[in-house]
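Quick note: the coordinates plus some simple rules give every number you see, no bench work behind them. If you're wondering where the values come from, they're calculated on a predicted model, not measured in any experiment. Every residue, glycine as well, gets a Cβ built from its backbone with ideal geometry; the counts of neighbours run over all protein chains shown.
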Amino acid sequence: MKYFLWLLKAAIFFTLFAFALNNQQDSIVHFFFGTQWRAPLVLIVLAAFALGVVVGVLGMVPRWWKHRTAAQKSAQPEATAVAAVQAPSPVNDAALQQPPIHGI
């Protein structure tokens, strides 16, 4: 199975490498107000992919924070319960003294 994964990774790498070699011609991306960007096509595709990843991660940040705060709130009572069990409770000395046992 390990060799199959390495073979799959190598196939993906060489496919992307061949894509990069076949798309070295310059392309122009036209933006608003007459601005443009001239770069090799492979760099334009890479920049579009990276921008998509950044937008996707930024879109997930509020949900991650929501789940993180919910996890911290649910872990909070457990921590106080553990601290309450481990902390000695104040008990008077009279309650700890037992009456003397007669007999056996």
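If you check Thr15, Thr35, which single one turns out to be of a type in the set (Ser, Thr, Tyr) and under 33 Å from the mean Cα position of the chain (by Cα)? When all the criteria are applied, what remains is Thr15. Pairing residues of segment 33-62 that are part of a helix (DSSP H, G or I) with residues that are among the β-branched types (Val, Ile, Thr), at Cβ distances under 8 Å and at least 6 apart in sequence or on separate chains, gives Ile44/Val29.
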